[in-house]
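Notes follow the structure.
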Amino acid sequence: MGPPEAIGFKGTELREDIKNDPGVLETFEIIRAHGAVRMGLIDNIEQAAHAKIAEGNWTVKKAIMSRSARVLREGSVRIPASGFLTGE
């Protein structure tokens, strides 16, 4: 994906800037629909017209955490044996 300038935006637009301009809102809705398809949230962009976010809240159904994030969450620091001096 390219920079926001590639589609005529700065990336600093406020919610009101988008919601108050029907043309801009339609552009972002199309982008959102294609993103939902790519993420596997919907099967095709036509389904996006029926998908709604309840009161602006998202529900996470599955989270994947890397091994290093799990180790940090445990409060551990693991150092590989190869990191120790061998007495040479």
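The values are calculated or read from the model by the stated rules, or taken from the named source; none is laboratory data. Predicted model, so just to flag it, every value in this text is computed and none were measured. Don't worry about glycine lacking a Cβ; one is built from the backbone with ideal geometry, like all the others, and counts go over all protein chains shown.
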> Residues in region 15-51 that are closer than 20 Å to LYS62 by Cβ and of a type in the set (Gly, Ala, Ser): how many?
Replying inline: 4
> Of the residues GLY56, GLY75, GLY87, which is on the phi > 0 side of the Ramachandran plot, at pLDDT 75 or above and not β-branched (Val, Ile, Thr)?
Replying inline: GLY75
> Say we look at region 1-34 and pick out the residues that are surrounded by 10 or more Cβ atoms within 10 Å (Cβ to Cβ) and polar (S, T, N, Q); which of these is nearest to ALA49 (Cα to Cα)?
Replying inline: THR27
